[in-house]
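*Asks:* The structure is given below, and queries will be raised subsequently.
Only the coordinates and a few stated rules stand behind these numbers; no lab work does. Just so it is clear, the model here is predicted, and its values are computed rather than measured. Heads up, the Cβs are rebuilt from the backbone with ideal geometry, glycines too, and the neighbour counts pull from every protein chain shown.
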Amino acid sequence: MLGWSSIMIGVFWRLVSMIRRVEDEMDNISKEMHTRIDRVREGTVRKSDLDMHLTRLSSDMREMRREHREATKDTNVRLDALLAAIANVKGQP
């Protein structure tokens, strides 16, 4: 009877140690997976943030185009005035 109980205790402890080893391996795998997930999360951009930045860039580009058009119109007005003045000077005897 003592032999069977010692065998059962040995088997029980062997199972417990196997379960603990599997739990440790699962914990390590879980930690690795979470590390990879965190790296991916840090390397990506949320769609809402990207859309917000693209919208802002688009509006900034529109504003720059508008300012450029206004500056071009002002430059053309000045050049026309300069050409008219040069033409008047050359036209005088």
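*Asks:* Could you state the angle between the C-alpha long axis of helix 47-91 and the longest principal axis of the C-alpha atoms of the chain, as a value from 0 to 90 degrees rounded to the nearest 10?
*Replies:* Its long axis makes an angle of about 10 degrees.
*Asks:* Under unit Cβ charges (Lys, Arg +1; Asp, Glu -1), what dipole magnitude, rounded to 20 debye, does the chain have relative to its Cα centre? If you can, show how the numbers build up before the last one.
*Replies:* Values: 17 positive and 15 negative charges, 57 e Å.
So the dipole magnitude of the chain works out to roughly 280 debye.
*Asks:* Angle between the Cα long axis of helix 2-43 and the longest principal axis of the chain, 0 to 90 degrees, nearest 10?
*Replies:* 0 degrees
*Asks:* Let me ask something else. Rounded to the nearest 500, what is the 222 nm mean residue ellipticity of the chain from helices alone, with -39500 (n - 2.57) per DSSP H run of 4+ residues and division by all residues?
*Replies:* Numbers: 2 runs with 87 residues, N = 93.
So the calculated ellipticity at 222 nm is -35000 deg cm²/dmol.
*Asks:* Continuing with the same structure: Of all the Cα-Cα pairs you can form in segment 1-44, what percent are over 11 Å apart? Walk me through the intermediate numbers first.
*Replies:* On the way: 666 of 946 pairs.
Tail fraction, whole percent: 70.
*Asks:* Could you work out the Kirkwood radius for the chain, taking every pair of different alpha carbons, averaging 1/r and inverting it, reported in Å?
*Replies:* Details: mean 1/r = 0.0460 Å⁻¹.
Hydrodynamic radius (Kirkwood, Cα pairs) of the chain is 21.7 Å.
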